[in-house]
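A short reminder: the numbers here are calculations on the coordinates, not readings from a lab. None of the values given here were measured: they were computed from a predicted structure. Cβ sites come from the backbone with ideal geometry, for glycine too, and all protein chains shown count toward neighbours.
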2 protein chains.
Amino acid sequence: MDTEKVNSMDFGEFVDVFGNVTERCPLIAAAVWSQRPFSDLEDLEKHFFAFIDALPQSGQEGILRCHPDLAGSELQRGTLTAESQREQSGAGLRSLGADGRLRLAELNAQYRARFGFPFVLAARFSDRTAVPRELARLLLCPSAQELRTALGEVKKIGSLRLADLLRADPAKL
Amino acid sequence: MDTEKVNSMDFGEFVDVFGNVTERCPLIAAAVWSQRPFSDLEDLEKHFFAFIDALPQSGQEGILRCHPDLAGSELQRGTLTAESQREQSGAGLRSLGADGRLRLAELNAQYRARFGFPFVLAARFSDRTAVPRELARLLLCPSAQELRTALGEVKKIGSLRLADLLRADPAKL
């Protein structure tokens, strides 16, 4: 997909294609369409991130709350978005044993109770042994920076998803 | 549903219940959860509207772009959200004849091309004869106020949906 193709999309098509760059937040892609034309992939990505950064804190927390748990019940039931299903499965989270799932469920619940949003991690940069380790580590850290850390993961996920969508011919965008 | 019940919801439950108060924008309900506790229905509604009003213009346009067309192909296919399906059906838009559907499709396309977002109307305050009349009227109006007018409709829709959700015992919220 080249830049010209992206810039030629009407908003319906654009939201269909880019609506899950930020998990379950098609509003963000729908807003980014206002910023076209885009000069390249970097420019497109910049507008996604600028929109996220400009939201009030409640909106940034809201983005996180639209994310599913890692290795949660939706992964088992197969009701995640296609992107999340691929990312979590790729990190080996579907093949966790019952003990591993239980341990993660407990850590996820502690994290949610502490921060008021779910633990979000770019699973493609992690694996099933690193995820519980990272969660346990964050639960011991001061909470002041956690929103910023979590939004950094949202952006890593968005970057990878954007690159995937444009991979057919990324050099052109 | 009383205020105490709403205030006791974790964010997952809150987004499940209130996620479509603004059509296909669960991010907004997920953000509003940050503002709990709510003193009553009016207070809850106030936080939804304040979030919408505080968004940059691109975000407000994004909200509108998450709305389906009135009497569009999704209504025929039955792929609208449950709320939209009820609202559009209640306004008689499912029983439009082929000519009426074609006329509305043309007006919707003109509106989208002119404003960059779809025509949004609180269908429960309208009917299948008023919808095309209102659309044709807006297409002749100056465009400067249209974003504000459209967001007013988003808020009317949100008000009605919130009232429905709390109807079981609205006096208590």
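General observations
- Relative to the dominant Cα principal axis of chain B, helix B:41-54 is inclined by about 60°.
- Over 27 Å apart at the Cα level, from the set A:Lys155/B:Lys156; B:Lys5/B:Lys156; B:Lys5/B:Lys155, are A:Lys155/B:Lys156.
- The protein assembly as shown, helix-only ellipticity at 222 nm - DSSP H runs n ≥ 4, -39,500 (n - 2.57), divided by all residues, nearest 500: -18000 deg cm²/dmol
- Separation of the range B:1-47 from the range A:1-55 is 27 Å, based on Cα centroids.
- Counting only alpha carbon atoms, the long axis of helix B:98-115 and the longest principal axis of chain B meet at about 70°.
- B:Lys156-B:Arg94 FRET efficiency (beta carbon distance; Förster radius 30 Å; 0.05 resolution): 0.90
- For the range B:3-55, size of Cβ-based charge dipole, Lys and Arg +1, Asp and Glu -1, in debye: 140 debye
- Positive-pole candidate from A:Pro68, A:Leu93, A:Thr79, dipole of the range A:50-173, charges at beta carbon: A:Leu93
- Length-normalised contact order for chain B - Cα pairs under 8 Å, 6+ apart - percent: 31 percent
- In degrees, nearest ten, helix B:130-139 long axis to first principal axis of chain B (Cα): 80 degrees
- Taken over the range A:68-159, the convex hull of the Cα atoms encloses 86 Å³ per residue.
- Averaged over the residues of peptide A:23-29, the number of Cβ atoms from other protein chains lying within 10 Å of each residue's Cβ is 6.
- Inter-probe distance in nm under a simple model that places probes 7 Å from Cα toward Cβ, at A:Val17 and B:Glu74: 2.0 nm
- The A:Asp53 and B:Leu147 beta-carbon pair, evaluated with R₀ = 25 Å, returns a calculated FRET efficiency of approximately 0.65.
- Electrostatic dipole magnitude of the range B:63-161 [Cβ: Lys, Arg +1; Asp, Glu -1; Cα centre; debye, to 20]: 120 debye
- The charge dipole of chain A, taken about its Cα centre with unit charges on the Cβ of Lys, Arg, Asp and Glu (plus for the first two, minus for the last two), comes to roughly 680 debye.
- Neighbour-limited loop hits for trypsin sites (Lys or Arg not before Pro), the range A:74-173 (at most 11 other Cβ within 10 Å; DSSP other than H, G, I, E, B): A:Arg167
- Largest to smallest principal axis extent of the C-alpha atoms in chain A, angstrom: 49, 33, 24
- Relative contact order computed over the range B:63-161 (Cα-Cα under 8 Å; 6+ residues apart), in percent: 33 percent
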